[in-house]
Amino acid sequence: MNKTITLGAAPTGMQPGGYVPAAFADRTEAATPAATIEAVAAGNGWRITLSWACTTPVRHTANETDRFPDACAVLAPVAPDSPWVTMGAPGKAVEGFLWKADREQPFHIRAEGLGSAQRAAPPAGTRVTAAWGDGQWQVVFEIPAWSALATQRQIAVAVWAGAAQERAGLKSVSPGWLPLG
Amino acid sequence: MGEVSTSRRTFLKFAAAGVAAGAVGLPLYHYRFRSPEEAVRVGPRGTPPLGSWEDLYRQRWTWDTIAKGSHGWANCRSACAWDLYVKDGVVVREEQTATYEQSEPGVPDFNPRGCQKGACYTEVMYGPSRTSVPLKRVGPRGSGQWERIGWEQAISEIAEKCIAAANRWGTETLYQDLGPNFDFGPSTAGRFKFQFMAGGMFADNWAEIGDLNLGASMAMGFAHVGGSADEWFLSDYLVVWMMNPSVTQIPDAHFLYEARYKGSELVVIDPVYSATAVHADQWLPIAVGTDAALGLAVARHLLDVGAIDLPYVREQTDLPLLVRLDTGRFLRGEDLVEGGLETQLYMWHPQRNAAVEAPGCSGHEARSLVLDFEPPIDGQWLVRLKDGAEVGVVPVGAMLKEHLDPWTFDYTAQVTGLHVEQIRRFAEGWARAERPMVLSSWGSNRYMHSDLMNRAKILCLALKGALGRKGAGYQATGWVDLDGFANAMQMERPGIAGRLGALLGTIEPAQLFDAMLDIAMKRKTQNEVEREGEYFYTKNRLCTTDVVEVNFTAPGYLDALNREQEGMSPRPLAAYREESRANGWGPGVPANAPPKVFFSGGANLLRRNNLPQYLKAFVWDDMELIVDINPKFSFTGTQADYILPAAGWYEKAGIKYTMSYIPYVHYCDVAVPPLAESKDEFEIYWLLTREIERQAKAADLPVFEGCGRGSTDWKTLHQRYSNRGDLGQHDAEKVVREILDSSATKGVTLEQLKRDGIARFTATGTSVQASALHNPDWTGPGVLNTLTRFTEHKEPWPTWSGRITSFIDHPWFIEMREQFPVHKDSPKAGGDHPFQFVSCHARWSIHSSWRDTPMMLRLQRGEPQVWINPAEGTRLGIADYDYAELYNDYGSVRMRVKYSTAVRPGVAYYHHAWEPHQFPNHESYKWLIPGLVNPLHMAGGYQQIDHMMNRYQPGSAVQDTRLGIRPWTGQPTGAKPVATSRSDGEPT
Amino acid sequence: MKYETPAPDRQIAMVLDLNKCLGCHTCTVACKKMWNTDAGTDYAYWNNVETMPGKGFPANVHDPATAGRDLDGATKRGQLPDLDTGYGRAWTFNHKDVLASTGAPVKEWLRPREEVKWGPNFDEDHGAGDYPRENHYFYLPRLCNHCTHPACRDACPRGAIHKRQEDGIVLVDQDRCHGYRFCVEACPYKKVYYDHVRQVSSKCIFCLPRIEEGVAPACARQCPGRLRFVGYRDDPDGPIHKLVDRWKVAIPLHPEYGLGPNVFYVPPMSPPKLDADGRPTAEPRIPLAYLESLFGTAVGPALEVLLAEREKTRKGGTSELMDLLIAYDWNQNFKLDAHQREVLS
């Protein structure tokens, strides 16, 4: 696939706990309104390129307490009916890869519901390259194997704009699972 | 031999400290539990299994061993017991042991003691200023260019230079000052022993650092008086007068605030709304330097309303002593009878209607204050002198009343800037109080006229009968003495023979016999014999002087002060010094040459001294060898020729110096071996004496004359230092055992101290330093109160009059019109500038220790700062945290401004002891502080007014300094250069 | 949807008597040495001491704008302090350059390498009011309040913060935390700190390993002012119950946020204010209204009890409350129970 999609603000109202929904109720517009996703099969694996406009990149957060890095994630459902909006559900996991601008290695992530994401080292051979230029981030995930994506052939993306203090459920997301086509 | 142990006493005022032994793992002992079973459950601390993230936290609270420690060499006026937690050979943290007991029921206990500095000595120990290897200067002094050398080379070169200097200039040119960083253990004993046995010169620095309470010495005959801090709790009227315990006596301050809860009233007198004042019932925001005036108003009120303890005043004070109206001096024996004594004073006997000899005064044979009549303190009579003339006499009390007459509340309000109502309330509180107590710190001695202020406070207490009464009186830093320390630094052989030798070294056998006889015949009290012995020893045996005197050996330095103090006294400063020397009142040391070799150990002279630019120009640069033996890079060290890394305070056996606030001895064990190549001072001087002896023998060095107070043979220097070989290089703990053989630590063993860290004192000590507490009955239990020797045992006070002294008729005091305590304005030092530069001991450091420690600096603002009132900042156009230029006649320095509403307008306030290298150009505000010398402090020949270590000597007053403050906009700052062409004509 | 916070079986708590505080920060250093010596928390002070009135630590912590609650306790967005102007960076120093200076005419001098904008004690003894009539300040030591309704817990989308059932200590699970810092934003007391190296948040653990063995937290046990009391809220014989519930002299900081803090303060008395002529008045220097802005309306009655009991002892009487605050036997300030835990020997 290779398409530009409109992103929406992840709904804060459904975030766990009382604080985020109330404190960020005004976050109804996506900080990152659109992203381009290209997913190409490469051998047994995938090469997924995500790009989006970003005028004020945040790459470094070391030695600061109030900075959040730009980040993005690609996600696939493990079960055919793993829900996207809630990051999966018990027994219906979602999994994928998380890139953060202040790290070299991506995380492998897996979740069964909001707030349940587990981060782990990605499978060997997973690489991510990221570049920022001309007001644009381009992040390339090279994933040696991803059975969920191969099986379900659906993908979703999320983008965090560090400059807007986005993290966790404060993010711009694809409207739902996107078929690989 | 049995005689020896009972009569063994020492005549030195200072004592020692120590450390030792591998860390002892006593994991069950470090917390107090309600039952032994509870204690058992705590440890030993193993490593929790890493079953959860919480175990990461649990693992942080684990250790291999715990050693008992204290901050041995820290010059903080108390002592605290700490557990030192050792893990993988590193002291990772420290925590108070907190096993003190209540002194008596109804008084809070001492736990846990400690402060934020003690809680992070590990940050100093392993910090960026730690010295670790011997260094030799390779560039000019102060260039910062060093070469790392081995111990052998260092010791050999230093020995060689010491010998060369002693040969050429005499041993008295080997110079050490007393500290003030020292402990009462083997490392200090070693340092002192070297100096003592080499015939070097000890300079006392009590007054030079501004800590000596000369007012107390004038009024009572001793400067260091005060009991245990829990005695504060017993007072019903606590007057904190020139002290800030919340900042400078953190472990003890709680007793004040707890006393409030018990119903006591707490009054704080301070131009600054201090961290103590915030807890006061009355805060008196007094104008700077006017404290004596307030005291005089109180004294006047007490006499006015009759709120005095009349029987006490008659017996214990000089108020009933008669003064001649024609001369304004005491009526003396020599006035009345042929061959009468100058030292015999008189009282009026109302029944006999005649002047009668006052018992207990220095010339009277009865050594008791007991009176069998009631001498009046007011009145006027005629007496016939030996020449037949009749003169009017009045008791001191009558003169005092007249003297105090102007000090109405109204007039005092004008002088002090206080409201009449504040003064009235304060004075009425005094009148009402049953047990008034004044807390007056070392810092109360830093004005030119501090002596007058402290005399005024003591006068108020004397009128109330408070001195020597439990729960009342004067708290001004008393000491418990370890006579074993003086033995350890003086003996030349092990055991009883060594101790006997030390005793005979201090006093000649015939004198000893006479002294015993005097005591037996009650011609003298034991205390008087001790004081005479101390006097004899200090004047005739010990090569002792004071730092001001040493500085004055440089004419350029004296010149500077003489110029500064022009017009501040009837005659020039130099004239008083000249008369003092002519009269033999001064120490007379150094006699032959200014210092040539300086061993800095536990001191930071160039940081501390006022006008260091003059010291550098006229003293420092002429010295041939300067060695800093120090665990820390100090400013003084960086200006030296050699830096020898001393072991840190957790790395050597030590005993924290023994102040009476906390009536326990505090042991410092060796938690870990000396860091890197550092060594404890006992070992360093052991090596140095060995090398000096080796070179002396090789050169067949003649026996030196010392400084005219006994010869010293450097060919036996190490033999003597090592007690004829009994003390090996690593035998510091043996020295600890010798030190613990003290009357104040009877039965206390090293093993017990390694286990517990502390042991309660069993007495206040037998030598003179300790007898300042003057409670011969205290044996450990109970609150340690003081001065009962006089008030209960009725022994005379060690003053001219044998009494608490309000009136001094020494000719210089008459010349200065300071017979009675008076108020004198603070003279303007450094020129006529709008701000008075007032210091406080620091909250964040103990002098320059911890001063540059990042953990402490982060809790300040990282750089030296001067505190001013925000209104002043606005007026001057200097914002909070801006740099400002502080200037006076000596030049200028740059400092950060800190706003505080606590600071009185017109005051520039600072916490002291910043290292000069914390300022641009490495010049601190000390370059602007002349350090006034009060000529009266060079007076002598009048019993308590006589040069003496720890008691009476000229000092260097900082608080009178004036300066201006202006914005710093990039202009150069710096002290004015010192003209080194020396003027002639001034006496030296 | 707010998390429901189940009530713990017991609640551990602390009382701090501000009338005994010296402002010495021994508590701060004790805590720092114990828990926060790592690079990522070099700036952090689980326990700190503030001069009040003042901006505090982090700066503006007492400004309602920074809190994740409004003054009625409703949730609102809080602020995340930055390292320079909020907390103050843990400045590093140039000792090496200074101590080995070259002797050049302008020497390097010892100072922070970083630009100094704020620090953990930046407004030390600053206070407020015109000297000498009404200038005032007092010390306020602060640590995590281990709230009954912790704002931090409610803020964590990952559920990484929990309140221990056995003692009510609030903990950040260091494994679950992803360093999102909603807790830091939300906490009105700003007592959760982000470890910028490990990228997780951490906070006061009430010295949990010590509490587990019946030993008081380092800040309390090491306090030379002896102003801290530690025990369980429900222990009628313990100091907390007596001071908080029986005598009602110990009250929480910022009760308006409705979080149910379990750290309580005996509010500060102060010397009399002076009138325009400099005459002492009957009014304390610290304005009651100011104290109410910190401690709510309970501060007036608490001070009244304190002063009334003190009046008894001033007249020679006795007071159980005064005796308790005096702490004759310091060990009685802490009433805890050791409970065994497993260790590897």
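Placing R0 at 25 angstrom, the Cβ-Cβ distance between B:GLU705 and B:ASP621 gives a FRET efficiency of 0.40 after rounding to 0.05.
In nm, give the distance between the simple-model label positions of A:ALA53 and A:ALA150, each being 7 Å from the Cα along the Cα-to-Cβ direction. Roughly 3.8 nm, to one decimal. In this structure, the amide hydrogen of B:ASP680, modeled 1.01 Å from its nitrogen in the peptide plane, lies closer than 5 angstrom to those of B:ALA647, counting only residues at least 5 positions away or on a different chain. Check the straight Cα-Cα distances from B:LYS401 and name the lysines below 19 Å, setting aside those fewer than 8 residues away within the same chain. Counting by Cα, and skipping residues close in sequence, B:LYS401 has these lysines nearby: B:LYS457, B:LYS464, B:LYS824. Computed from phi, the 3J(HN,Hα) profile of the stretch B:818-829 under the Karplus parametrisation 6.51, -1.76, 1.60 (θ = phi - 60°) reads 10, 4, 9, x, 10, 9, 10, 4, 5, x, 8, 9 Hz, with x in place of Gly and Pro. Inter-label distance, B:VAL305 to C:ALA276: 3.0 nm, where each label sits 7 Å from its Cα along the C-beta direction. Of the residues B:ILE929, B:ILE163, the one with the fewest other Cβ atoms within 10 Å heads the list, and the complete ranking is B:ILE163, B:ILE929. Which is the longest run of chain C containing none of the GluC sites (Glu not before Pro) found in DSSP loop states (not H, G, I, E, B) with at most 11 other C-beta atoms within 10 Å? Here the longest run is C:116-341.
For the peptide B:812-819, the mean number of other protein chain Cβ atoms found within 10 angstrom of a residue's Cβ is 0. Shown in residue order for the stretch C:290-300 are the 3J(HN,Hα) couplings computed by the Karplus curve 6.51 cos²θ - 1.76 cosθ + 1.60 at θ = phi - 60°: 5, 4, 5, 5, 9, 10, x, 6, 6, 5, x Hz (x for Gly and Pro).
Taking only Cα atoms of the protein assembly as shown, what ratio of Rg to Rh do you get with Rh as the Kirkwood inverse-distance radius? Rg/Rh for the protein assembly as shown comes to 1.01.
Sorting the segments B:595-606, A:17-28 by their mean number of nearby beta carbons within 10 angstrom, highest to lowest, gives B:595-606, A:17-28. Only DSSP H runs of four or more residues enter the estimate; each adds -39500 (n - 2.57), and after division by the residues of the protein assembly as shown the mean residue ellipticity at 222 nm equals -6500 deg cm²/dmol. Distant-in-sequence amide contacts of B:ALA355, defined by a placed amide H-H separation under 5 Å and a gap of 5 or more residues or a different chain, comprise B:HIS349. Here B:LYS898 is the anchor, and the aspartates and glutamates within straight C-alpha reach of less than 12 Å, apart from those fewer than 8 places off in the same chain, are B:GLU863, B:GLU872, B:ASP880, B:ASP882, C:ASP123, C:GLU124, C:ASP125. A cut-off under 10 angstrom between Cβ atoms defines the neighbours of C:THR51, and their net charge, with Lys, Arg +1 and Asp, Glu -1, is -3.
When only alpha carbons are used to place a centre, the stretch B:768-808 and the stretch B:565-595 end up 32 Å from one another. Placing unit charges on the Cβ atoms only, positive for Lys and Arg and negative for Asp and Glu, gives the protein assembly as shown a dipole magnitude near 2720 debye about its Cα centre. A Förster radius of 51 Å, combined with the Cβ-Cβ distance separating B:LYS386 from B:ASP825, puts the computed FRET efficiency at roughly 0.75. Here is the short version for chain B: B:CYS76, B:CYS80, B:CYS115, B:CYS120, B:CYS162, B:CYS361, B:CYS460, B:CYS668, B:CYS840 have no other Cys C-beta closer than 4.7 Å. Per residue, the average separation of C-alpha pairs within less than 8 Å and at least 6 apart gives chain B a relative contact order of 22 percent. Averaged over peptide C:264-272, the number of partner chain Cβ atoms lying within 10 Å of each residue's Cβ comes to 4. For the stretch B:356-463, taking the reciprocal of the average inverse distance between every pair of different Cα atoms yields a Kirkwood hydrodynamic radius of 17.6 Å. Diffusion coefficient of chain B by Stokes-Einstein, Kirkwood radius over Cα pairs, 20 °C, 1.002 mPa s: 74 µm²/s.
Around the amide H of B:MET659, modelled in the peptide plane, lie the amide H atoms of B:VAL480, all under 5 Å away and 5 or more residues distant in sequence or on another chain.
Please compute, over every Cα-Cα pair in the stretch B:881-988, the percentage with a separation greater than 17 angstrom. Result: 66 percent of Cα pairs exceed 17 Å. Here the extension length gained between B:LYS697 and B:VAL370 equals 111.7 nm, from 0.36 nm per residue of separation less the Cα-Cα distance.
Which of the lysines could a cross-linker span from A:LYS100 if the Cα-Cα distance has to be under 27 Å and same-chain partners fewer than 8 positions apart are dropped? Straight-distance partners of A:LYS100: A:LYS3, A:LYS92, A:LYS171, C:LYS190, C:LYS191, C:LYS203.
For the stretch B:309-317, the Karplus equation 6.51 cos²θ - 1.76 cosθ + 1.60, evaluated at θ = phi - 60°, returns couplings of 8, 4, x, 5, 4, 5, 7, 9, 10 Hz by residue, with Gly and Pro reported as x.
The alpha carbons of the stretch A:2-179 stretch over 43, 38, 30 Å along the principal axes, in descending order. Each label point was placed 7 Å from the Cα along the Cα-to-Cβ direction; for C:LYS315 and A:ALA124 their separation is 8.5 nm.
Quick note: the coordinates plus some simple rules give every number you see, no bench work behind them. All of these numbers come straight from a predicted model, not from anything done at the bench. For neighbour counting, all protein chains shown are included, and Cβ atoms are generated from backbone atoms with ideal geometry for every residue, glycine included.
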